[in-house]
Amino acid sequence: PRFICRVVAAPGDTVTVTENRLIINGNTMIESNIYYTTYAYAGYTEYPLRLGEGEYFVLSDNRDGGTDSRSYGVVSRSELVGTVITVLRRNKL
């Protein structure tokens with residue numbers, strides 16, 4: 001399957017996901033355009049996680065239950081297949 005996710009960390013970065021925070025390289029990320037809390041998924045990825053060469057950490061916009069690096073781990077460069085250029089959001093669908 002294919003997923004649309006945001007690349008939030010690149011090779012050499014250190015990622016930590018706590019109860020409700022995304023921390024990259026010791027800095028808490030403020031994501032004003034994400035409307036869900038970023039939770040760590042217990043039993044999957046262990047933190048802190050340092051990304052190796054060619055490894056990326058991705059998160060879905062649906063942070064409250066999305067399938068992303070919190071559940072399946074890092075993504076290699078060869079698995080990244082495109083770039084989202086436009087996001088449309090509608091209320092009350």
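The values are calculated or read from the model by the stated rules, or taken from the named source; none is laboratory data. Keep in mind that what you see is a predicted model, and the values were worked out from it rather than measured. Note that we place each Cβ from the backbone using ideal geometry, even for glycine, and neighbour counts take in every protein chain shown. Remember, those area values only see protein heavy atoms, side chains included, never the ligands or the DNA or RNA. Shrake-Rupley method; radii C 1.70, N 1.55, O 1.52, S 1.80 Å.
Quick look at the numbers
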read-out: Meets criteria (under 14 Å from the mean Cα position of the chain (by Cα), closer than 23 Å to Pro1 by Cβ and surrounded by 15 or more Cβ atoms within 10 Å (Cβ to Cβ)) for Asp13; value: no
read-out: Which listed residue is exposed (fewer than 11 other Cβ atoms within 10 Å of the Cβ) and touching a strand residue (DSSP E or B) at 6+ places or on another chain (Cβ under 9 Å), from Val75, Val84; value: Val84
read-out: Among the residues listed as Gly66, Gly43, Gly52, Gly82, the single one being of a type in the set (Gly, Ala, Ser), part of a loop (DSSP other than H, G, I, E, B) and closer than 14 Å to Val8 by Cβ; value: Gly66
read-out: Residue in region 79-88 that is under 17 Å from Thr16 (Cα atoms) and modelled with pLDDT of 85 or more present; value: no
read-out: Thr18, sole failed condition from (1) within 12 Å of the chain's Cα centre (by Cα); (2) open to solvent by less than 70 Å² (accessible area, probe 1.4 Å); (3) among the β-branched types (Val, Ile, Thr); (4) modelled with pLDDT under 95; value: (1)
read-out: Qualifying residue in region 49-61 (condition: open to solvent by 40 Å² or more (accessible area, probe 1.4 Å), over 14 Å from the mean Cα position of the chain (by Cα) and at pLDDT below 95); value: no
read-out: The listed residue being of a type outside the set (Gly, Ala, Ser) and either outside any loop (DSSP other than H, G, I, E, B) or open to solvent by 70 Å² or more (accessible area, probe 1.4 Å) (or both), out of Ile34, Ile30; value: Ile30
